[in-house]
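Chemist: First the structure, then my questions, so here it is.
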Amino acid sequence: MDSLQKCSWMTLGILVFLTEPGLGSSIIEGPSNLTALVGMEAHFNCTVSEGWQILIWLFEGQPVLSVIYPGKVIITDQSYNQQGYNKSTMFTSELKIYNVQLNNSGRIECSIQTMGDSPYAFLSVQVSGSLNIKDHNLTIRENQTIEIICEAVGWDPAPHITWMVNNISVDNSNYTTNWSQGSNGLYNEESILTLTPLANSTVICLAAISALSKPQSAVMTLVVYPPPKSNYQKEMRKVSMKKNATDQSLETRSDNGNENYGYSPEEQEHTKQIPRLPSFSPVDSSFNGLEQDLEVGSTSEVPYGRVLPSRAAAYPINPRKIRNVTLV
């Protein structure tokens, strides 16, 4: 404390002695615990009843700011200030600490110099460092097991790291986390996630400390491609494609095939080209006998020695040709 501060506190001490501070007054509500990030502004309130004469703010037992009734402010540390509010018979002093640093962490106390205990609270200053996943985008094969590394650097305290895949929390059995403290007193942390993705995925690493309203996050994208086919599968696919091509070729040739012109489509045309065999005369005794014999109705009655006509004579005299289509 420099000479100016000493002089200020000597003056304050005299005023306290002369005014009998706090006679009949009390602290209605003291400050509350607070956690703040480095560089932010911290606020604490202390409310006192009517009759107060002096209100002193102390950090770790050392006065940093005082308010003398009805509102004169004496500042002994320029990183502190206050705003006063009167409501009915009560007075509230709002202590402000600008640009808090790690060394501002500690006990904050409000006193009106009475015989009772002074209420106090604790300020905890934290550092939110950096968070990064080593590979922001990664392409891997389906069912391939990989390790994803998330690094948190320059934190205080060491953050709590968790993982999410496609917005679903990952069980902590699937990752391991280790931390270390650097020479600057800040903490570094590394978390390794083991993952076997089956499809494209979005992976999120989350780091949380109490001073953050929501966790800090780092995101990466996983692109998953199917495994390459085996040689056997490739050969089978080639055979199938070749067979399909052959079937299509045969269908095309069948539709566009050449017609065999070695026959006549109509019987009349055939009869014009080939003369009909002469018909047998009705006087032919052999056929007359055949008709008579056939009328008997049983082959057992045919006289012995009678020669029946050959089966060839039973076919039509003018047979049709069968039409065939030849694929060329």
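The values are calculated or read from the model by the stated rules, or taken from the named source; none is laboratory data. Keep in mind the model is a prediction, meaning the values are calculated, not measured. Counting neighbours? That spans all protein chains shown, and the Cβs are built from the backbone with ideal geometry, glycine included. Accessible surface is based on the protein model in full, side chains and every heavy atom, while ligands, DNA and RNA are left aside. Shrake-Rupley method; radii C 1.70, N 1.55, O 1.52, S 1.80 Å.
Chemist: Condition first: in contact with a strand residue (DSSP E or B) (Cβ under 6 Å, 6 or more places away or on another chain), under 30 Å from Gly154 (Cβ atoms) and either touching a residue at least 24 places away in the same chain (Cβ under 8 Å) or not in a strand (DSSP E or B) (or both). Can you find one or more residues in the range 80-87 that meet it? Write out each step before concluding.
Modeler: Of the residues in the range 80-87, the ones in contact with a strand residue (DSSP E or B) (Cβ under 6 Å, 6 or more places away or on another chain) are 80-85.
With under 30 Å from Gly154 (Cβ atoms) added as a condition, the list becomes 80-81.
Narrowing further to those that are either touching a residue at least 24 places away in the same chain (Cβ under 8 Å) or not in a strand (DSSP E or B) (or both): none.
No, every residue in the range 80-87 fails to be in contact with a strand residue (DSSP E or B) (Cβ under 6 Å, 6 or more places away or on another chain), under 30 Å from Gly154 (Cβ atoms) and either touching a residue at least 24 places away in the same chain (Cβ under 8 Å) or not in a strand (DSSP E or B) (or both).
Chemist: Could we say that Ser173 is out of contact with any helix residue (DSSP H, G or I) (no Cβ under 7 Å at 6 or more places or on another chain), at negative phi and part of a loop (DSSP other than H, G, I, E, B) here? Please lay out each step first, then the result.
Modeler: Working: out of contact with any helix residue (DSSP H, G or I) (no Cβ under 7 Å at 6 or more places or on another chain): yes; at negative phi: yes; part of a loop (DSSP other than H, G, I, E, B): no.
Against the criterion (out of contact with any helix residue (DSSP H, G or I) (no Cβ under 7 Å at 6 or more places or on another chain), at negative phi and part of a loop (DSSP other than H, G, I, E, B)), Ser173 does not qualify.
Chemist: Of all residues in the range 57-76, which are open to solvent by less than 60 Å² (accessible area, probe 1.4 Å) and either assigned to a loop (DSSP other than H, G, I, E, B) or out of contact with any strand residue (DSSP E or B) (no Cβ under 9 Å at 6 or more places or on another chain) (or both)?
Modeler: Across the range 57-76, the qualifying residues are Gly61, Gly71, Thr76.
Chemist: Have a look at Thr47, Thr92, Thr35, Thr114 and point out the one that is among the β-branched types (Val, Ile, Thr), part of a loop (DSSP other than H, G, I, E, B) and at negative phi. Break it down stepwise before answering.
Modeler: Numbers: Thr47 fails: part of a loop (DSSP other than H, G, I, E, B); Thr92 fails: part of a loop (DSSP other than H, G, I, E, B); Thr35 fails: part of a loop (DSSP other than H, G, I, E, B).
None of the other options fit; the residue is Thr114.
Yes/no per residue for (1) closer than 30 Å to Ile209 by Cα; (2) surrounded by fewer than 15 Cβ atoms within 10 Å (Cβ to Cβ); (3) modelled with pLDDT under 90; (4) not small (Gly, Ala, Ser):
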site	(1), (2), (3), (4)
Ile28	no, yes, no, yes
Val38	yes, no, no, yes
Cys46	yes, no, no, yes
Glu50	no, yes, no, yes
Leu55	no, no, no, yes
Tyr85	no, yes, no, yes
Val100	yes, no, no, yes
Ser105	yes, no, no, no
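Chemist: Could you tell me whether Leu131 is at pLDDT 95 or above, in contact with a helix residue (DSSP H, G or I) (Cβ under 9 Å, 6 or more places away or on another chain) and not in a loop (DSSP other than H, G, I, E, B)?
Modeler: Numbers: at pLDDT 95 or above: yes; in contact with a helix residue (DSSP H, G or I) (Cβ under 9 Å, 6 or more places away or on another chain): no; not in a loop (DSSP other than H, G, I, E, B): yes.
No, not satisfied.
Chemist: Something else now. Of (1) modelled with pLDDT of 95 or more; (2) aliphatic (A, V, I, L, M); (3) open to solvent by 60 Å² or more (accessible area, probe 1.4 Å); (4) not in a strand (DSSP E or B), Leu198 satisfies all except one. Which?
Modeler: (1) is the only condition that Leu198 fails.
Chemist: Looking only at the range 136-163, which residues are modelled with pLDDT of 95 or more, assigned to a strand (DSSP E or B) and either crowded, with 17+ Cβ neighbours inside 10 Å or in contact with a helix residue (DSSP H, G or I) (Cβ under 9 Å, 6 or more places away or on another chain) (or both)?
Modeler: Hits for the range 136-163 are Ile148, Cys150, Glu151, Ala152, Trp155, Asp156, Ile161, Thr162, Trp163.
Chemist: Continuing with this model, one more query. Is it fair to say Ile192 is at pLDDT 95 or above and either surrounded by 12 or more Cβ atoms within 10 Å (Cβ to Cβ) or hydrophobic (A, V, I, L, M, F, W, C) (or both)? Step through it out loud before you land on a result.
Modeler: Working: at pLDDT 95 or above: yes; either surrounded by 12 or more Cβ atoms within 10 Å (Cβ to Cβ) or hydrophobic (A, V, I, L, M, F, W, C) (or both): yes.
Yes, satisfied.
Chemist: Same structure again: Test of understanding: among Asn260, Asn178, which residue is open to solvent by 60 Å² or more (accessible area, probe 1.4 Å) and at pLDDT 95 or above? Talk me through it step by step, then tell me what you get.
Modeler: Details: Asn260 fails: at pLDDT 95 or above.
Sole residue among the options that is open to solvent by 60 Å² or more (accessible area, probe 1.4 Å) and at pLDDT 95 or above: Asn178.
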